[in-house]
Amino acid sequence: MIDSHCHLDQEPLYSNISEVIIRSKKEGVNKLLTICTTNKSFLNILKLIDLDPMIYGTFGIHPHETKNDSVTKDIIKNNILKNKKIIGIGETGLDFYYNHSDKSDQISSFKIHIEASAELNMPLIVHSRNAEIETFDILNSYKNENLKILMHCFTGSENFAKKLLSLNAFFSASGVITFKKTLDLQNTFKNIPLEKILVETDSPYLAPEPLRGKKNEPSFIRFTLKKLAEIKSLSVKELDSYTTNNFNLLFSSK
């Protein structure tokens with residue numbers, strides 16, 4: 001199993017990282033991609049990726065943080081090249097649900113990340129909430145760049161998914177698909193091609209059923225994988241093979 005999106009630099013994971021790694025391995029997780037959200041978090045990610053061969057990282061600024069944490073294309077590219085285990089750009093994108101950062105700041109930052117991703121030919125981890133039209137329009141404006149797009153913790157509409165598939169995007173399922181009231185989302189994932197699906201925890205957030213309300217961690221990925229296997233009418237082993245291969249293909253990681 002591969003957790004394609006977690007935040008190991010955040011608490012309570014960071015101060016208990018040895019135990020988190022042990023529990024992950026015990027459950028059969030063999031790769032963790034810890035995702036950057038701020039310039040400060042990247043400093044801890046550089047430490048984390050040296051702790052264990054299973055841990056990889058990214059660099060990027062979360063849309064919530066764009067008001068106070070700006071970057072240039074060169075900063076992104078220089079940070080990506082600091083370590084061969086930094087294998088993705090993000091998370092970036094648009095979040096218009098909260099007002100943590102102005103829309104204009106988010107859009108500007110998103111475009112900078114996209115352009116760095118295109119120049120480096122690296123996967124782009126995209127966060128999109130209450131911004132389907134704007135997210136697609138911006139990504140679509142770069143369609144000739146053949147971007148490697150991963151829609152993290154995808155909770156969008158089926159129509160949004162169909163439009164993103166035209167851009168060859170991948171979609172990551174989180175613990176949200178295990179929630180009882182997410183039948184529309186479950187149906188959307190039912191119709192997304194197997195070759196385009198990954199799984200994630202987004203830990204320490206969004207713990208899946210039956211652990212909802214607790215602090216999430218990578219070892220809980222099995223609950224999301226199990227639910228997604230039911231949705232896709234596959235065994236857990238079969239689905240795990242698809243999501244693992246998809247991750248390795250997207251991130252060119254063996």
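Comparing mean-square fluctuations of Y14, Y98, Y142 from a GNM of the chain with C-alpha springs under 10 Å, the top value falls on Y98. Across the cross-link table entries K143/K180; K67/K214; K25/K143, which are compared at the Cα atoms, the separations over 32 Å belong to K143/K180; K25/K143. Applied to the stretch 243-248, the Karplus parametrisation 6.51 cos²θ - 1.76 cosθ + 1.60 on θ = phi - 60° returns per-residue 3J(HN,Hα) values of 5, 5, 4, 5, 4, 5 Hz, with x for Gly and Pro.
Here the Karplus curve 6.51 cos²θ - 1.76 cosθ + 1.60, taken at θ = phi - 60°, turns the phi angles of the stretch 160-177 into couplings of 4, 4, 4, 5, 5, 4, 5, 9, 6, 6, 9, 10, 9, 8, 10, x, 4, 5 Hz, with x standing for Gly and Pro.
The order of S166, S241, S172, going from fewest to most other C-beta atoms within 10 Å of their C-beta, is S166, S241, S172. Entry note: the stretch 157-212 has Rg to Rh equal to 0.99, where both radii use alpha-carbon atoms and Rh is the Kirkwood radius.
What is the percent of Cα-Cα separations in the stretch 1-142 that go past 23 Å? The answer is 34 percent, as a whole percent. Of interest is the spacing of the C-alpha centroids, which for the stretch 84-159 and the stretch 1-48 amounts to 22 Å. Here the sum of -39500 (n - 2.57) over DSSP H runs of 4 or more residues, divided by the residues of the chain, equals -12000 deg cm²/dmol at 222 nm, to the nearest 500.
Here the Karplus relation 6.51 cos²θ - 1.76 cosθ + 1.60, evaluated at θ = phi - 60°, turns the backbone of the stretch 88-103 into coupling constants of x, 10, x, 8, 10, x, 9, 9, 9, 6, 9, 10, 5, 9, 5, 4 Hz, with x for every Gly and Pro. In terms of surrounding Cβ atoms within a 10 Å radius of their Cβ, L239, L33, L43, L194 rank from fewest to most as L43, L194, L239, L33. Annotation: amide H-H contacts under 5 Å for F170 (H modelled 1.01 Å from N, sequence separation of 5 or more, or interchain): I149, L150, M151. Put simply, the amide H of I55, placed in the peptide plane, has neighbours under 5 Å in L32, leaving out anything fewer than 5 places away on its chain. In the stretch 2-251, taking the dipole from charged Cβ atoms about the Cα centre, the farthest positive-side position among N79, L198, S108 is held by L198. Across the chain, the relative contact order, built from alpha-carbon pairs under 8 Å that are at least six residues apart, equals 19 percent.
The numbers here are math on the coordinates, done by the rules we state, and not lab data. Everything quoted here is computed from the prediction, not taken from an experiment. Counting neighbours? That spans all protein chains shown, and the Cβs are built from the backbone with ideal geometry, glycine included.
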